[in-house]
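In what follows, a structure is listed as C-alpha cells, so that the remarks can point back to it.
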Amino acid sequence: MSDLIIETKNLTKSYGSFKALDGLDLNVPEGVVYGLLGKNGAGKTTTLRIFMSLLKPTGGIVKVLGHTPQKMPLSLRQQIGYSSDSMQLIPWLKVGDILNYNGSFYDNWDTQYVKQWVERLNLPLDKRVFHLSRGNRQKLALVMAIGHRPKLLILDEPAGGLDPAARKEFLESMIELIHESGTSIILSSHLLTDLERISDCIGIIDDGKMKVEMNLENLKMTTRQIKIITQNNIKDANLDGVISLETSGNMLKVIFNDWKENKYHNLKQRFPEATIEVESLNLEEIFLAYTR
C-alpha cells in the first residue's frame, strides 16, 4: 500500500443523467486530518459513503487502505470507524447496551478505552437513545466509531448538532486521537472555522469535481486577495492564476491561487501609479472564492 490511506482517480457516481461525482481525484495521506469541504449537493456525503461501501461508484478507481471498498477483507474493515450526522441508532436501546452490542462486531473493541470516552463526553449509560439530545446522540455515534481504535476514521458532519463548548471538546478529542494512535481522519463539515483549527489537508469539491486539494498551510500561504486601486478605470485585467476577479471603476479585486512575492513586483510594474494591497484569507474566505 502507498502512503495514501484513501485514493480516488476519475471517480464518478451517476443517478440517471445526474452526476453526483464527476471525475473526482482525491488523495488522503496517512496520519492526517483531511477536511473535505463543499456546498450542499457538492458530493461530499456520496464520496464518504462510497469509501464505506454504502454506495457503489459508477466508474473510476477508489482505494481505501489499499483495497476497493467492495472487496476489502473483514480484517481491514475492522480498522475503519464511521460516523454520520444521518446515522440511525437503535432508539429503544440504552447507551451502555448499544455500546456493548456495537463492540461485539469488533475483535479489538477496547472496553476500557470506551469507558474513558463515555466519562469524558459525560454520556449517561442508563439512558435510552430516544431520550438523548441530538448532541449526545452524536457523541454516542463518535464513541461507537472509535471504540475499536480504528486506523481510519471517516466522519460526515459529526459535530453539526453540538453547542460551541461540546464542539470544542469534540475537536480536542480528534487531535488527541491523532496524537495517541496516529489515526487518519477524513472529516466533512460545514463548520469551516472548526476545520481550520484541526485540519492538515483540505479538499474543496464543487459539482462533484475537486477544485483544489492541498496542505492547509500551503493553501493559505498561496491564496491571497489583492486590491489594486488606480486613478483611472481598469479595462485590461487579464491575469494568470486567478480564482476570482471583480472590477469596480478604478478598483480591481483579485484572488490569486498561486501567489508569490514576485507577483507583487509584476503587478507594480503593470500598474505603476496604483496602490496595491495584499490580504491573507481564512479558510472560509478561500472556500467561498473557489465555490461562488
**Message:** Could you check segment 172-210 and list, in sequence order, the residues that are open to solvent by 50 Å² or more (accessible area, probe 1.4 Å), in contact (Cβ under 8 Å) with a residue 12 or more places away in the chain and within 19 Å of V28 (Cβ to Cβ)?
**Reply:** I175, S181, R197, D200, K209
**Prompt:** For segment 125-170, what are the residues that are within 19 Å of S184 (Cα to Cα), touching an Asp or Glu at 6+ places or on another chain (Cβ under 7 Å) and small (G, A, S)?
**Reply:** G147, A159
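If we keep just the residues of segment 120-132 that are under 28 Å from the mean Cα position of the chain (by Cα) and surrounded by fewer than 17 Cβ atoms within 10 Å (Cβ to Cβ), which is modelled with the lowest pLDDT? So that I can check it myself, show each step before the final result.
Residues of segment 120-132 that are under 28 Å from the mean Cα position of the chain (by Cα), as a first pass: 120-123, 129, 132.
Within this subset, residues satisfying the condition of being surrounded by fewer than 17 Cβ atoms within 10 Å (Cβ to Cβ) are 120, 122.
Values: R120: 84, N122: 87.
In this case the residue turns out to be R120.
Within segment 251-260, can one find any residue that is touching a residue at least 40 places away in the same chain (Cβ under 8 Å) and in contact with a helix residue (DSSP H, G or I) (Cβ under 6 Å, 6 or more places away or on another chain)? If you could, list the steps in order and put the result at the bottom.
Just the residues of segment 251-260 that are touching a residue at least 40 places away in the same chain (Cβ under 8 Å), to begin with: 257.
Filter again for in contact with a helix residue (DSSP H, G or I) (Cβ under 6 Å, 6 or more places away or on another chain), leaving none.
No, every residue in segment 251-260 fails to be touching a residue at least 40 places away in the same chain (Cβ under 8 Å) and in contact with a helix residue (DSSP H, G or I) (Cβ under 6 Å, 6 or more places away or on another chain).
Let's see how each residue does on (1) open to solvent by less than 80 Å² (accessible area, probe 1.4 Å); (2) not in a helix (DSSP H, G or I):
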residue	(1), (2)
Y113	yes, no
V118	yes, no
R137	no, no
L155	yes, yes
F170	yes, no
**Request:** Determine, yes or no, whether N27 is closer than 16 Å to I186 by Cβ, out of contact with any Pro (no Cβ under 6 Å at 6 or more places or on another chain) and open to solvent by 20 Å² or more (accessible area, probe 1.4 Å).
**Result:** yes
**Complete:** Only unsatisfied item for P69, checking (1) closer than 22 Å to M210 by Cβ; (2) open to solvent by 20 Å² or more (accessible area, probe 1.4 Å), is (2)
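Within segment 93-111, which residues are assigned to a loop (DSSP other than H, G, I, E, B), among the polar types (S, T, N, Q) and over 29 Å from the mean Cα position of the chain (by Cα)?
From segment 93-111, those assigned to a loop (DSSP other than H, G, I, E, B) are 93, 104-110; that's our starting set.
Applying the additional criterion that residues be among the polar types (S, T, N, Q) yields 104, 108.
Answer for segment 93-111, where residues must be assigned to a loop (DSSP other than H, G, I, E, B), among the polar types (S, T, N, Q) and over 29 Å from the mean Cα position of the chain (by Cα): just S104.
Between I61, I50, which is over 13 Å from M144 (Cβ atoms), under 24 Å from the mean Cα position of the chain (by Cα), buried (at least 17 other Cβ atoms within 10 Å of the Cβ) and aliphatic (A, V, I, L, M)?
On the way: I61 fails: buried (at least 17 other Cβ atoms within 10 Å of the Cβ).
The conditions single out I50.
Within 23 Å of I186 (Cβ to Cβ) and in contact (Cβ under 8 Å) with a residue 60 or more places away in the chain - does that describe any residue in segment 66-76?
Yes, because at least one residue in segment 66-76 is within 23 Å of I186 (Cβ to Cβ) and in contact (Cβ under 8 Å) with a residue 60 or more places away in the chain.
From the list L93, L21, L74, L55, which residue is open to solvent by 60 Å² or more (accessible area, probe 1.4 Å) and more than 24 Å from I198 (Cα to Cα)?
L74
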**Item:** First in segment 77-101 and closer than 21 Å to H67 by Cβ, second anywhere and open to solvent by 30 Å² or more (accessible area, probe 1.4 Å) and part of a loop (DSSP other than H, G, I, E, B), Cβ under 6 Å, 6 or more apart
**Value:** Q78/Y106; Q79/K151; Y82/M52
**Message:** Filter segment 1-40 down to the residues that are over 15 Å from G203 (Cβ atoms) and of a type in the set (K, R) and list them by number.
**Reply:** K13, K19
**Message:** For segment 263-282, check the following and say yes or no: at least one residue is closer than 22 Å to L24 by Cα and in contact (Cβ under 8 Å) with a residue 24 or more places away in the chain.
**Reply:** no
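Just checking, which of K9, K19, K13 is in contact (Cβ under 8 Å) with a residue 40 or more places away in the chain, in contact with a Pro (Cβ under 6 Å, 6 or more places away or on another chain) and not in a loop (DSSP other than H, G, I, E, B)? Before you say what the answer is, go through the steps one by one.
Working: K9 fails: in contact with a Pro (Cβ under 6 Å, 6 or more places away or on another chain); K19 fails: in contact with a Pro (Cβ under 6 Å, 6 or more places away or on another chain).
Being in contact (Cβ under 8 Å) with a residue 40 or more places away in the chain, in contact with a Pro (Cβ under 6 Å, 6 or more places away or on another chain) and not in a loop (DSSP other than H, G, I, E, B) holds for just one of K9, K19, K13, which is K13.
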**Asked** If a residue has to be of a type in the set (G, A, S) and either touching a strand residue (DSSP E or B) at 6+ places or on another chain (Cβ under 7 Å) or surrounded by 15 or more Cβ atoms within 10 Å (Cβ to Cβ) (or both) to count, how many in segment 216-271 make the cut?
**Response** 3
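The values are calculated or read from the model by the stated rules, or taken from the named source; none is laboratory data. Not measured: the values here are computed from a predicted model. Positions of Cβ are generated from backbone atoms using ideal geometry, with glycine treated the same way; all protein chains shown enter the neighbour counts. The protein model used for the area step is the full one, side chains on, heavy atoms only, and it has no ligands, DNA or RNA in it. Shrake-Rupley method; radii C 1.70, N 1.55, O 1.52, S 1.80 Å.
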